[in-house]
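See below for the structure under consideration.
The values are calculated or read from the model by the stated rules, or taken from the named source; none is laboratory data. Note that the structure is a prediction, hence the values are computed from the model and not measured. Using ideal geometry, Cβ is built from the backbone for each residue, glycine included, and neighbour counts are taken over all protein chains shown. These area figures cover heavy atoms from the full protein model, side chains too; ligands, DNA and RNA do not enter into them. Shrake-Rupley method; radii C 1.70, N 1.55, O 1.52, S 1.80 Å.
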Amino acid sequence: MTTADFRSGFVAVSGRPNVGKSTLVNRLVGQKVSITSRRPQTTRHRILGIRTAADSQLIYVDAPGVHHGGGGNMNQYLNRAAAGSVEGVDCVLLVISVPGWTDEDAPALALARRQTCPVVLAINKIDRLADRSKLLPFMQESSEKMVFADIIPVSARTGDNISTLEAAVMKHIPRHPAQFPADQVSDRSDRFMASELVREQVFRSFGQEIPYAVTVMIDSFRQEPRLIRIEATILVEKEGQRAILIGKDGARLKEVGRRARLEMQKLFGSKVYLGLWIKVREGWSDDARALRSLGYGDEV
């Protein structure tokens, strides 16, 4: 293969919240680049996941889920980030999930319909479908929503049909030199990933006990000879949330720290020391200036 035959391009992964976009991006990239949890709107930032092969480089754009807009500054930011993720891409990968289309899919579908580039539909979570014969009518219903370049049923969790999906996307990727180094898998820094891994464990550990008004600031990130030393602050909006996060004798916060540290060691390939603190800052999630200072809005 000559250099002229190499393909490289951007693929926006779009869909409603909690449809499995980040899990799918991680599967397509072959490495964790986006955090995941069962809670909708876990993804808050636009993140690039980069998969480089001998003949191609696919750059997947993971972004917040497209949803019916709320009035708060955070909701407005999330929808702007979601809409901005499809701008200038070579292909849109719209993700829905079994058992079928819902009203919550409508904003993402409307965004996909406005695009001039090809749109591939991925029907995710087919591992949850006991009767696979239901897929055919579901695919037929999907084809009537808009003209999709391809409709591919997949399971991001198990990897079922992922290679077929990747081949369907590749058809729309132009001949172009690689746009990132071959060993780069994301455009985000280790410092950013550390903050995300802490937030992931907060969401996974507390469910509905802690609302979405939680973010994480990395106070220091130092690479030492034998370990990475990280100090981080979890920001909440109410004193009661702080008490829940700490738990009796600090047990719950210690468990969040332990799980986040193990994920960091797996990602960074190094021993990690993680110090966690909690701070109350009322109303930060609806304060435009506070959001900007915390890194929300850099990419929109």
Requested in this report: Return the carbon/sulfur percentage of the accessible area of region 142-294, one whole number, probe 1.4 Å, all protein chains in place.
Outcome: 49
Report summary line: Stretched fully, the stretch from F6 through S143 gains (0.36 nm per residue minus C-alpha distance, one decimal, in nm) 46.2 nm
Report summary line: The farthest towards the positive end of the charge dipole of region 146-267, of the residues A251, L235, F203, given +1 on Cβ of Lys and Arg and -1 on Cβ of Asp and Glu, is A251
Report summary line: Two pseudo-spin positions, 7 Å from Cα along C-beta at R289 and at D160, lie apart in nanometres by 5.2
Query raised in the report: Contour minus end-to-end for K279 and S189, with contour as 0.36 nm per residue of separation and end-to-end as the Cα-Cα distance?
Result: 30.0 nm
Report summary line: Whole-Hz Karplus couplings 3J(HN,Hα) for region 221-226, θ = phi - 60° and coefficients 6.51, -1.76, 1.60, Gly and Pro as x, run 9, 10, 8, 9, x, 10
Query raised in the report: Could you give the nm distance between label points at L136 and Q31, where each point is 7 Å from its Cα heading toward the beta carbon?
Result: 4.2
Query raised in the report: Dipole of the chain, Cα-centred, from +1 at each Lys and Arg C-beta and -1 at each Asp and Glu C-beta, to the nearest 20 debye?
Result: 780
Query - DSSP beta bridge pairing in the chain, given as percent antiparallel to the nearest 5 - result: 35
Requested in this report: State which entries of K32/K254; K21/K266; K125/K238; K145/K266; K21/K171; K125/K266 exceed 30 angstrom in Cα-Cα distance in the structure shown.
Outcome: K125/K238; K145/K266
Report summary line: Given a 1.4 Å probe, the accessible area of the chain per residue, as a whole number of Å², is 47
**Report entry** Euclidean distance between Cα centres, region 20-49 to region 192-252, Å
**Finding:** 19
Query raised in the report: Pulled fully out, how much extra length does the chain show between D219 and D55, if you take 0.36 nm times their separation in residues and subtract their Cα-Cα distance?
Result: 55.0 nm
Report summary line: Restricted to region 1-153, the DSSP antiparallel beta bridge percent, nearest 5, is 20
